[in-house]
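Q: What follows is a structure written as structure tokens; I'll ask about it next.
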Amino acid sequence: MNIILLGPPGAGKGTQARILVEERGMTQLSTGDMLREAKDSGTEMGKKVAEVMARGELVTDEIVIGLIREKLEAGGSGFIFDGFPRTLKQADALAELLADMGQTLDKVVELRVNDEALVERITARSTCGDCGEVYNDITKPIPADGKCSNCGGTEFKRRADDNADSLKKRLMEYYKQTSPLIGYYYAKGQHCRVDGLGEIDDVKTAIAGKLDG
């Protein structure tokens, strides 16, 4: 099964992707992770990525699609597209790639959120510096012993742009570029929606219901 997790920054896509990887053996394809991995790989595609990034330019859609193709060719028990596509042009390119490889996109799960609550969530967010486990001052505080409940790490960090002003700008970019994908995938009969602001386990259960229904 191949799926897209769709939603604004802070909606919980990364957290839910990790759960799907752990519980279903799926492979998470995060654009940022793929680019960093490729840059250090020494492959022909990796050299292209390194050159573009060294010039301070944005990596083209063609390169990202090439990286996705490599991952799909490696095989697996299903892929989670996280952070791609972001635009209608990218959505068309992904559809063409999957069709070319005889694969399908099974579900597009939108994590629906309330902007006001999302700002509150993000400005209270911190992550484990070792494993990336997400904590929240309000809903999931760092354990009293100062150790990550997932890996035991003791270093925690906050993103510099996890503040109200930066988040509002990121949300505006999402609504301008990415939210049209909701209608795009709805028209294809692939879109479904869950409440992204519920407890992590509740969101997990809701996503499982959509994927297995």
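The values are calculated or read from the model by the stated rules, or taken from the named source; none is laboratory data. Bear in mind that the values here come from a model prediction, so they are computed numbers and not experimental data. Every residue, glycine among them, receives a Cβ derived from its backbone with ideal geometry; neighbour counts consider all protein chains shown.
Q: Would you check if there is a residue in region 106-116 being farther than 26 Å from residue 94 by Cα and either surrounded by 17 or more Cβ atoms within 10 Å (Cβ to Cβ) or in contact with a helix residue (DSSP H, G or I) (Cβ under 9 Å, 6 or more places away or on another chain) (or both)?
A: Looking through region 106-116, at least one residue is farther than 26 Å from residue 94 by Cα and either surrounded by 17 or more Cβ atoms within 10 Å (Cβ to Cβ) or in contact with a helix residue (DSSP H, G or I) (Cβ under 9 Å, 6 or more places away or on another chain) (or both).
Q: To continue, here is another question. How many residues, within region 4-42, are outside any helix (DSSP H, G or I), out of contact with any Phe, Trp or Tyr (no Cβ under 7 Å at 6 or more places or on another chain) and in contact (Cβ under 8 Å) with a residue 12 or more places away in the chain?
A: Residues that pass the stated criteria total 9.
Q: If residue 82 passes every condition in (1) over 23 Å from residue 212 (Cβ atoms); (2) surrounded by 13 or more Cβ atoms within 10 Å (Cβ to Cβ); (3) modelled with pLDDT under 90; (4) not small (Gly, Ala, Ser) but one, which one does it miss?
A: Answer for residue 82: the failing condition is (1).
Q: Would you pick out the residues in region 152-167 that are surrounded by 12 or more Cβ atoms within 10 Å (Cβ to Cβ) and either of a type outside the set (Gly, Ala, Ser) or in a strand (DSSP E or B) (or both)?
A: Those that are surrounded by 12 or more Cβ atoms within 10 Å (Cβ to Cβ) and either of a type outside the set (Gly, Ala, Ser) or in a strand (DSSP E or B) (or both): 154, 156, 158, 159, 161, 162, 163, 167.
Q: State which residue is surrounded by the most Cβ atoms within 10 Å (Cβ to Cβ) when the search covers only region 177-195 and only residues that are among the aliphatic types (A, V, I, L, M) and part of a helix (DSSP H, G or I).
A: Step by step, filter region 177-195, then rank; the result is 181.
Q: Restricting to region 114-130, what's the tally of residues that are in a strand (DSSP E or B), of a type in the set (Ser, Thr, Tyr) and in contact with an Asp or Glu (Cβ under 7 Å, 6 or more places away or on another chain)?
A: Quick first cut of region 114-130, residues in a strand (DSSP E or B) only: 125-128.
Those still in the list that are of a type in the set (Ser, Thr, Tyr) too: 126-127.
Pick out the ones that are also in contact with an Asp or Glu (Cβ under 7 Å, 6 or more places away or on another chain) and you get 127.
Total satisfying the criteria: 1.
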